[in-house]
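Heads up, the thing below is written out as C-alpha cells.
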C-alpha cells in the first residue's frame, strides 16, 4: 500500500489550472539598432584612405572588395550605406559592410558591433486555450516586427535616394565636361540610376503596406518573406493599399 503523502497527486480542472509551474528567470538577447556605433567610427576603423565626407554625408574610400588604387567606394557616414562604382559592391548599413567584408553572418557582425541588448525576463507559464492572451501576443509580435521592418525599409529607401542623387549629380558633372575618375564612369552612373529607381519604388510600396495596410496584409508581409515580392508588385500595379476599415491609401511614388 502506497503512502498517500508521497504519491504524486493528480490535479483536476481546466487546462489553465494545470499549468501553474513557477516562473523561470532567463536572459534574453535582442538586436538593437540604437546600440550600433556611428558609421564614421566603423568605416574609419575598417577602411583605408577614407576621404572627408561631403555635405550629404558621403565619403570616398579605397574599396576593400577589389584591387582598388583610386577611391571608388562611396560610404554614407549617416546611415552607413555603401556602394562601389567599380565592382558594384553595395549594402544598406555597417552590418551589411562587415558581413560582406569578412564573410561573417549577421550574429557575428552584430556581436562585433556590440548591438545586442541583454535583459532578464521571467518565463511565465503559458495559459492554454486562452484566446485573449494568444491574440494579444500575436498583436504585440506583429506590431514589433512591423516596426522593425518599417525602420529597415526607411533606411534602405533613404540610402537609395541618396545614391540616386549622388549618381545624378556626378553624371551631370560628366556631361558638362568633367574628367572621369575611372574608366566608363558616366556609363556606370547611368546604370546606377536605372538600377536604383525600381528599388526606390519597391521600398515605398513595402513601407506603405507596413504602415497603412490591413492587419491580414501586414501579418502576411511579416510572417512570410517569400510572399513580399508578389505583394509589393501587386501594390505597385494597383497603386494603393486598403486598411481594415476599407479605406484606400495611395502609394506615393
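The values are calculated or read from the model by the stated rules, or taken from the named source; none is laboratory data. These numbers come from a predicted model, not from an experiment. All Cβ positions, glycine included, derive from the backbone under ideal geometry; neighbour counts span all protein chains shown.
Does segment 176-224 hold any residues that are more than 26 Å from residue 247 (Cα to Cα) and touching a residue at least 60 places away in the same chain (Cβ under 8 Å), and which are they?
181, 182, 185, 188, 189, 192
Answer with yes or no whether residue 178 is outside any helix (DSSP H, G or I) and either at pLDDT 90 or above or surrounded by fewer than 17 Cβ atoms within 10 Å (Cβ to Cβ) (or both).
Here the answer is yes, as residue 178 does meet what is asked.
Taking the options 219, 226, name whichever one is part of a helix (DSSP H, G or I), within 19 Å of the chain's Cα centre (by Cα), farther than 14 Å from residue 149 by Cα and not assigned by TED's automatic domain parsing to the domain that holds residue 69.
After applying the criteria, what remains is 226.
Is one or more of the residues making up segment 19-30 at pLDDT below 60 and part of a helix (DSSP H, G or I)?
Within segment 19-30 (the criterion being at pLDDT below 60 and part of a helix (DSSP H, G or I)), the answer is no, since none of the residues qualifies.
I'd like the full set of residues that are in contact with a helix residue (DSSP H, G or I) (Cβ under 8 Å, 6 or more places away or on another chain) and surrounded by fewer than 15 Cβ atoms within 10 Å (Cβ to Cβ), limited to segment 142-160. Walk me through it before giving the result.
Residues of segment 142-160 that are in contact with a helix residue (DSSP H, G or I) (Cβ under 8 Å, 6 or more places away or on another chain), as a first pass: 142, 145-146, 149-151, 153-154, 156-157, 160.
Answer for segment 142-160, where residues must be in contact with a helix residue (DSSP H, G or I) (Cβ under 8 Å, 6 or more places away or on another chain) and surrounded by fewer than 15 Cβ atoms within 10 Å (Cβ to Cβ): just 151.
If we scan segment 183-195, do we find a residue that is outside any helix (DSSP H, G or I), at pLDDT 90 or above and out of contact with any helix residue (DSSP H, G or I) (no Cβ under 9 Å at 6 or more places or on another chain)?
No - not one qualifying residue is present in segment 183-195.
Return yes or no: is residue 208 buried (at least 17 other Cβ atoms within 10 Å of the Cβ) and modelled with pLDDT under 90?
It is false that residue 208 is buried (at least 17 other Cβ atoms within 10 Å of the Cβ) and modelled with pLDDT under 90.
Suppose the filter is without any contact (Cβ under 8 Å) to a residue 40 or more places away in the chain and assigned to a helix (DSSP H, G or I); does residue 167 pass it? Spell out how you get there, then give the answer.
Numbers: without any contact (Cβ under 8 Å) to a residue 40 or more places away in the chain: yes; assigned to a helix (DSSP H, G or I): yes.
So residue 167 fits the description; yes.
From the list 64, 38, which residue is in contact with a strand residue (DSSP E or B) (Cβ under 9 Å, 6 or more places away or on another chain) and without any contact (Cβ under 8 Å) to a residue 40 or more places away in the chain?
On the way: 38 fails: in contact with a strand residue (DSSP E or B) (Cβ under 9 Å, 6 or more places away or on another chain).
Just one listed residue meets the conditions, 64.
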